[in-house]
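To keep things clear, I will list the structure first and then write my remarks on it.
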């Protein structure tokens, strides 16, 4: 109880002063490797991730869309931002926006421990229908999700509190960061979303699509083959 009260007090101070709502992203990873080199041409949509229910989350399915990626938390003073995030999802989904929530307890321990609790809260309180990924680390270090390593490197900034926001380009190679206290429906966020939505979607890699088709056909062919007759 005291820890939660302290975390809430910190959130209130952050709301007034703007303190700790963002932080500079490191230039090297925990192993000393240059992050700018690692992520220079890499796409956010190529990152391996897990959905809130623990299944594989194929971020590649969103390539060609604009993503609004947010480190969310269920017990934060900023949690009501969920409502604005849901409205953005509904407003711009047909135009190519996908809102992606990434739960984290890195700041004040303000996220539930289990995916079931997170899902129940989001559904019951805010009717969330946008994709939610598994609980993940935001802060630099061994526990940091590659999602935030990637987006932090591309923008130079990481969330310093819950509800930091990244607007990610259609090809996943560029992003714009907004700190926690900037509301999802702030004019600056809307402007960034609309600017990226106005960009042409990247051309699909025909070679990759053909390879996937060939692999699928080969797999189906293997399934359809009759089993070999037993030896006499």
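Computed from the coordinates by the stated procedures, all read-outs in this text should not be read as laboratory data. Computed from a predicted model, the values in this text were never measured in an experiment. Don't worry about glycine lacking a Cβ; one is built from the backbone with ideal geometry, like all the others, and counts go over all protein chains shown.
For residue 174 and residue 33 in one chain, what is 0.36 nm times their gap in residues minus the Cα-Cα distance, to one decimal in nm?
Contour length minus the Cα-Cα distance gives 48.7 nm.
When ranked by the protection proxy of mean other Cβ atoms within 10 Å per residue, highest first, what sequence do the peptides 125-135, 44-54 form?
125-135, 44-54
Expressed as a whole number of Å, what is the distance separating the alpha-carbon centroids of segment 46-114 and segment 144-210?
Using only Cα atoms to place each centre, the spacing works out to 12 Å.
Could you order peptides 94-105, 164-175, 137-148 by the average number of other Cβ atoms within 10 Å of their residues, highest first?
Packing proxy ranking, top to bottom: 164-175, 94-105, 137-148.
Using 0.36 nm per residue, how much length does the chain from residue 53 to residue 200 gain when fully extended, once their Cα-Cα distance is taken away?
Difference between extended and current length: 49.7 nm.
Would you please calculate the Kirkwood hydrodynamic radius of segment 48-174 over all C-alpha pairs and express it in Å, rounded to one decimal?
On the way: mean 1/r = 0.0685 Å⁻¹.
One decimal place: 14.6 Å for the Kirkwood radius.
Going highest first, how would you order 112-123, 69-80 by mean Cβ packing within 10 Å?
69-80, 112-123
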